[in-house]
Ligand code: PEP
Ligand code: MN
């Protein structure tokens with residue numbers, strides 16, 4: 001539940017709300033809402049009658065306990081665009097376009113380190129790669145797990161790339177947070193509130209991928225779960241939705257990119273790899289996403305895509321990446337932006 005106070009609320013009115021919540025046996029976190037108005041994020045749920053009682057307290061403007069609309073992710077809540085700054089000086093949402101590349105899954109030392117070096121040399125700022133893989137089939141490769149995290153940590157150390165990797169299971173979130181500069185919530189988990197909350201509480205930026213059958217509004221509500229935990233750093237990712245036509249794996253919803261930018265203050269990136277499922281379509285859709293206003297692109301690359309243990313058919317060959325990023329940079333330039341630069345590698 002969310003309680004938004006009026007402008008000019010007095011300390012006594014705020015205290016009345018705190019006291020009322022304490023009487024109802026619940027706690028709340030106090031945050032700053034639109035036009036610097038105080039607001040309360042209430043843990044758990046209250047009975048509708050109790051919610052209705054809170055609306056009558058002096059100073060209370062609005063009590064939200066359900067409904068289809070996102071709040072914390074909306075531009076009315078936070079008129080300035082969210083910029084997420086990383087130690088290497090790179091920002092997501094800061095105007096420059098970021099490039100994220102790497103294998104679908106971490107498969108082994110040579111595969112990951114060779115890819116990381118190629119990704120860094122091509123000019124990307126982030127290395128992606130799943131250690132825990134949310135595979136549709138239980139018979140497919142499920143990832144190397146914690147051994148994969150250790151390889152990502154090595155790749156980070158050796159190249160200076162920032163790391164994006166997925167958390168699947170609440171039991172692994174802390175281990176993922178130790179290695180990840182950004183924690184990915186995959187499309188299969190976009191609507192998994194316990195995982196969203198736990199990942200949010202690590203304080204790491206969260207890359208939130210749109211569920212394959214999720215509406216734009218549902219994606220924004222999932223972002224509200226993370227923001228409600230006091231973690232302001234959410235990146236929305238359009239990765240394609242299910243369509244009727246099997247010619248592409250998914251339908252990359254390009255219009256969702258400018259729409260999300262209109263509806264939310266959060267940065268928006270696109271994943272043309274899962275969005276198309278076909279290597280040959282990835283370069284065009286990466287450029288299209290940047291032309292549509294995306295703050296970055298995430299693409300799967302592999303040194304030998306035909307040997308990849310997952311998503312090889314949609315992975316660019318590592319040798320293709322420099323050319324694709326040159327074209328992405330050219331499109332960024334055409335829309336008044338540029339590809340982000342990072343400081344040289346640490347090692
Ligand atoms: C991935 O990024 O490799 C992945 C599994 O993506 P999605 O959750 O979008 O299917
Ligand atoms: Mn994949």
Base-10 log of normalised Debye intensity for the range 138-194 (one unit scatterer per alpha-carbon) at q = 0.15 Å⁻¹: -0.46
Where N is the number of residues in the range 157-242, Cα Rg divided by 2.2 N^0.38 Å: 1.03
In degrees, nearest ten, helix 11-23 long axis to first principal axis of the chain (Cα): 80 degrees
Rg over Rh [alpha-carbon atoms, Kirkwood Rh] for the range 109-221: 0.98
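Of all the Cα-Cα pairs you can form in the chain, what percent are over 30 Å apart?
Distances greater than 30 Å cover 36 percent of the Cα pairs.
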The chain: angle of helix 109-122 to the longest principal axis, Cα-based, in degrees nearest 10: 80 degrees
Cα coordinate range in the range 199-347, projected on the principal axes (Å, largest first): 44, 41, 33
Tail beyond 21 Å, pair distance distribution of the range 58-162 (Cα, percent): 54 percent
10 °C / 1.306 mPa s Stokes-Einstein diffusion coefficient of the range 138-282, Kirkwood radius on C-alpha pairs, µm²/s: 100 µm²/s
Per principal axis, descending, Cα span of the range 1-133 in whole Å: 62, 30, 26
Between 0 and 90°, nearest 10: helix 216-228 axis offset from the chain longest Cα axis: 70 degrees
P(r), alpha carbons of the range 265-347 - 10 Å bins starting at zero, rounded %: 18, 46, 30, 7
Inter-site label distance for residue 217 and residue 291 at 7 Å from Cα along Cβ, in nm: 3.1 nm
Once the Cα gyration tensor of the range 17-72 is diagonalised, semi-axes √(5λ) in Å: 17, 14, 12
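Calculate how many DSSP beta bridges within the chain are antiparallel, expressed in % of all such bridges and rounded to the nearest 5.
35 percent
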The range 260-300, relative contact order in percent, only Cα pairs under 8 angstrom and at least six apart counted: 48 percent
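Since every read-out is calculated from the coordinates, none of them should be taken as a lab result. Just so it is clear, the structure is predicted and the values come from calculations on it, not from any experiment. Backbone-built Cβ (ideal geometry, glycine too); neighbour counts: all protein chains shown.
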